[in-house]
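Written below as structure tokens is the structure these notes are about.
The values are calculated or read from the model by the stated rules, or taken from the named source; none is laboratory data. Since the model is a prediction, treat every value here as computed from it, not as a measurement. Every residue, glycine among them, receives a Cβ derived from its backbone with ideal geometry; neighbour counts consider all protein chains shown. The area values use the complete protein model at the heavy-atom level, side chains included, leaving out ligands, DNA and RNA. Shrake-Rupley method; radii C 1.70, N 1.55, O 1.52, S 1.80 Å.
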Amino acid sequence: MNIVVQKFGGTSVASLSTQLEVMKKVMRPYREGNKVVVVLSAMAGETNRLLALANEWVTTPDAAEMDSLVSTGEQVSCALFSMLLKNQGIRARSVLGFQAPIRTDCSFGKARIVDIDTTALFEMLEDHDVLVVAGFQGCEDGRRITTLGRGGSDTSAVAMAAALKAEVCEIYTDVPGVFTTDPNICSDATKIDRIAYDEMLEMASMGAKVLQIRSVEFAKKYNVTVHVRSTFSDEQGTLVCQEDDDMEAVLVSGIAYDKDQARITLVHVEDRPGVSAAIFSPLAERKILVDMIVQNPSKGSKTDMTFTVPKADIKQTLKVLEDLRYEIGYEDLLSSSDVSKVSIIGVGMRNHSGVASRAFRALADENINILMISTSEIKVSFLIDEKYTELAVRTLHKEFALHEGGIQQESCTG
Ligand code: ASP
Ligand code: MG
């Protein structure tokens, strides 16, 4: 049995007219004789509406009841869409998370899929040609409904594709694919035809919000090729897949930015073993994600330690560090929220040098001051003044010729 998994996001299922467009997409593999597993999100805005409702009722809603509530959005879209299909004489049915079943751990609100037992699904596929599966939801061993975190339907779809060994996992959305950078700030941004999992993880984790990060991790782990494309056109979108030589030949594949960073500096901390642990362990215990870290060489026995945290966590971070002032031993605590992180990403960087220096020069020519730098095998990130974010993105996009497919290996002098 040939199975195709297709996922449609909130804007695609938002109304009868958009659901009729979705139906056209489902009919294509159906008519070709495939079994189709359609994973749906809630209608656009519905999850937010339900979250707000709960917060209107009580200040701290019970986590398990919250999941029972927000998962209803997907139940509605699945039932409505199944009706449309059945009305056309198609053998279809809706399938909720617990009916599949999609088993998760019990972290309500951010549950992880632990297993999809495909026995029942294959039985349903004997009698049905289209299964309409509720995204975003699963159930834990205590048979309570769980949800997978915002954007979780992407992960549901990839997990379904992996479990059912589907031919393809198509993620339909309201944009044509993954772009070299955010088209809203750089009109030259172009659609990427193929992007490696690792590149997509970097793009997604830094604000290119096309796919939930966890879905990409899942796709990478189970080697599922994901095709991100638009519900509202027939154009090819972007394939998120394993990297190959062609991808590595391109120096830089995309530019991401993240305005959600804040910078903290501890001035004159003792330069001795254990100080970093004293600073970062209490933050880790509070699940504060520290991103870039720079420790300067010491002047005498003292050094400065600078790092970034999400803007939403800055108050809590400062409080923790103030409380630990004497334990850590620092002279001053500085912070700034007017910063952003711009990153150049590409698996091509693994084999090519000179990318960072080229970026430094391009930013310098625009008079953009770099506050911090961090690098990984396939990424160089710059922390800059927030007000230069757009300029930096456009400058780097142009420098690495992303408007015309990027710089190929041969033309790189290193
Ligand atoms: N409806 C959920 C959300 O809005 C899940 C999803 O759409 O992927 O986050
Ligand atoms: Mg989404």
Check your understanding: Does the range 92-108 contain at least one residue that is more than 20 Å from Ser215 (Cα to Cα), among the aliphatic types (A, V, I, L, M), part of a helix (DSSP H, G or I) and at pLDDT 95 or above?
Key -> no
Check your understanding: Condition test on Val210, is it within 14 Å of ligand 2 (Cβ to nearest atom), of a type in the set (Val, Ile, Thr) and touching a Cys at 6+ places or on another chain (Cβ under 9 Å)?
Key -> no
Revision key, fill the gap. Exception for Val320 within (1) surrounded by fewer than 21 Cβ atoms within 10 Å (Cβ to Cβ); (2) in contact with a helix residue (DSSP H, G or I) (Cβ under 6 Å, 6 or more places away or on another chain); (3) assigned to a strand (DSSP E or B) falls at (3)
Check your understanding: Pick from Asp332, Asp271: which is touching a strand residue (DSSP E or B) at 6+ places or on another chain (Cβ under 7 Å) and either among the hydrophobic types (A, V, I, L, M, F, W, C) or at pLDDT 90 or above (or both)?
Key -> Asp332
Exercise for review: Can you tell me which residue within the range 144-169, out of those that are open to solvent by less than 10 Å² (accessible area, probe 1.4 Å) and assigned to a strand (DSSP E or B), is nearest to ligand 1 (Cβ to nearest atom)?
Suggested key: Thr147
Practice item. Scan Val133, Val95, Val114 and give me the residue that is free of Cβ contacts under 8 Å to residues at least 12 places away in the same chain and closer than 15 Å to Ser156 by Cα. Key: Val114
**Study point:** Exclusive hit being within 16 Å of ligand 1 (Cβ to nearest atom) and over 23 Å from Met23 (Cβ atoms), set Lys221, Lys209
**Key:** Lys209
Exercise for review: Hey, could you check the range 265-294 for residues that are over 30 Å from Arg350 (Cα atoms) and aliphatic (A, V, I, L, M) and say which is most open to solvent (accessible area, probe 1.4 Å)?
Suggested key: Ala277
Check your understanding: Quick check: anything in the range 59-67 closer than 21 Å to Met160 by Cβ, touching a helix residue (DSSP H, G or I) at 6+ places or on another chain (Cβ under 7 Å) and part of a helix (DSSP H, G or I)?
Key -> no
Check your understanding: Within the range 346-354, is even one residue out of contact with any helix residue (DSSP H, G or I) (no Cβ under 8 Å at 6 or more places or on another chain) and surrounded by 14 or more Cβ atoms within 10 Å (Cβ to Cβ)?
Key -> no
Check your understanding: Is it fair to say Phe108 is touching a Cys at 6+ places or on another chain (Cβ under 9 Å) and not basic (Lys, Arg)?
Key -> no
Point to revise | Options Val175, Val210, Val240; residue that is more than 30 Å from Lys387 (Cβ to Cβ) and of a type in the set (Val, Ile, Thr) | key: Val240
Check your understanding: Could you say whether any residue in the range 242-250 is open to solvent by less than 30 Å² (accessible area, probe 1.4 Å), within 16 Å of ligand 2 (Cβ to nearest atom) and either touching a residue at least 24 places away in the same chain (Cβ under 8 Å) or not in a loop (DSSP other than H, G, I, E, B) (or both)?
Key -> no
Practice item. Select from the range 358-414 the residues that are in a helix (DSSP H, G or I), within 30 Å of Asp245 (Cα to Cα) and open to solvent by 70 Å² or more (accessible area, probe 1.4 Å) and list them in ascending order. Key: Arg358, Phe360, Arg361, Arg394, Lys398, His403, Glu404, Gln409, Glu410, Ser411
**Study point:** Test: Glu217 is of a type outside the set (Phe, Trp, Tyr), part of a loop (DSSP other than H, G, I, E, B) and open to solvent by 40 Å² or more (accessible area, probe 1.4 Å)
**Key:** no
Review point. What are the residues in the range 390-405 that are in contact (Cβ under 8 Å) with a residue 12 or more places away in the chain and closer than 14 Å to Ala359 by Cα, if any?
Key: Leu391, Ala392, Val393, Arg394, Thr395, Leu396, His397, Lys398, Glu399, Phe400, Leu402
**Study point:** Criterion (within 15 Å of ligand 1 (Cβ to nearest atom), under 25 Å from Glu123 (Cβ atoms) and surrounded by fewer than 22 Cβ atoms within 10 Å (Cβ to Cβ)) met by exactly one of Leu51, Leu80
**Key:** Leu80
Revision key, fill the gap. Of the residues in the range 120-143, those that are assigned to a helix (DSSP H, G or I) and either open to solvent by less than 10 Å² (accessible area, probe 1.4 Å) or in contact with a helix residue (DSSP H, G or I) (Cβ under 6 Å, 6 or more places away or on another chain) (or both) come to Leu121, Leu125
